[in-house]
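Where a number appears in this text, it was derived from the coordinates with a stated rule and is not lab data. Bear in mind the structure is a predicted one, so any value in this text is a computation, not a measurement. All Cβ positions, even for glycine, are placed from backbone atoms using ideal geometry, and neighbour counts span all protein chains on display.
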Amino acid sequence: MTRSRRDKPKHHRLSFPAKFISFEGIDGCGKSTLMDQLANWLTTAGIPFLRTREPGGTNIGEKIRQILLDPACSEMSSRAEVLLYSASRAQLTDQVIVSAMKKGSWVLTDRFVDATFAYQGFGRGFDLDRLRIIQEWTTKDLWPDRTVLLDCDIDTAMSRLGARDGTDRDRIEQEDRIFHQKVRNGYLALAQNEPERFLVLDASKPLEEVIAEFYERFWLVEVAR
Ligand code: TMP
């Protein structure tokens, strides 16, 4: 049975206490810096965590990542793209995420299912209902407890990426401005549809301000209560 795009998905959360947090945003939004920050806070608080990324995070996933991001693979079809991202995610879920959480460890991931909705769904125009079915199968319906969306205007993100020469960019980063704008709008639409899961931060602001807001709206509310 397919759901309408506007319906909120039903989420089956795992019944153990560790939190599963994903970080999302367009390329150049500054996810890694915020993840570094959360990793520091968790270490200081003595909370065990595992940090991973998508595509990748396992031996198999890292090999899939090379194919996905290789600019020489420009002929990749959008269905093949969805399935490769999903293959990497299935491997990461089964091999790493579920077992870490069962041991009581937090999991911080640089991207998860929402990246497929934003990039392949909104960016490439792939049908969102179909994507949702594929994702539910891919992750056995595991969804992040919270998703931190670093929302950033395209100019700021591009100028952060622009520090690198254009030929240095991966296959997805080489997409044009319109594509990245669609991805940004897609992320915002996803966040609007699930405000209880998404925490949206304005990542165009100076880094110290983004970190301060993250501390107040996430750390103080969810952890240091
Ligand atoms: P990264 O550079 O943040 O590690 O992500 C790799 C690239 O892959 C980035 O441009 C976003 C893109 N991507 C998708 O298009 N779909 C996905 O499902 C994921 C996880 C990433």
- Message: Lone cysteines in the chain, defined as no other cysteine's Cβ under 4.7 Å from theirs: which are they?
- Response: CYS73
- Between the alpha-carbon centers of the stretch 148-225 and the stretch 72-110, tell me the distance in whole angstrom. 20
- Query: Rounded to the nearest 20 Debye, what is the dipole magnitude of the stretch 12-103 about its Cα centre when Lys and Arg each give +1 and Asp and Glu each give -1 at the C-beta?
  - Reply: 480
- Can you check what the Kirkwood hydrodynamic radius comes to for the chain, Cα pairs only, in Å to one decimal? 17.9
- What pairs in LYS19/LYS140; LYS19/LYS102; LYS31/LYS205; LYS31/LYS140 have C-alpha atoms more than 20 Å from each other? LYS31/LYS140
- Gaussian network model of the chain, Cα within-10 Å springs - most flexible of ASP145, ASP168, ASP114: ASP168
- Query: Picking from GLY28, ALA203, TRP106, whose Cα lies most toward the positive end of the charge dipole for the chain (charges on Cβ: Lys, Arg +1; Asp, Glu -1)?
  - Reply: TRP106
- Query: Just from its helices, what would the mean residue ellipticity at 222 nm be for the chain, if runs of 4 or more DSSP H residues each count -39500 (n - 2.57) and the sum is divided by every residue, rounded to the nearest 500 deg cm²/dmol?
  - Reply: -12500 deg cm²/dmol
- Note on the structure: Normalised Cα Rg of the stretch 42-118, dividing by 2.2 N^0.38 Å with N its residue count, works out at 1.22
- Where does each of 176-187, 70-81 land if you order them by average Cβ count within 10 Å, highest first? 176-187, 70-81
- Query: Any idea which of TYR215, LEU83, HIS180 is furthest toward the positive side of the dipole for the chain, if Lys and Arg beta-carbons carry +1 and Asp and Glu beta-carbons -1?
  - Reply: LEU83
- Query: Under unit Cβ charges (Lys, Arg +1; Asp, Glu -1), what dipole magnitude, rounded to 20 debye, does the chain have relative to its Cα centre?
  - Reply: 840
- Extension length gain for THR43 and ASP176 (0.36 nm per residue less Cα distance), in nm, is 44.0 nm
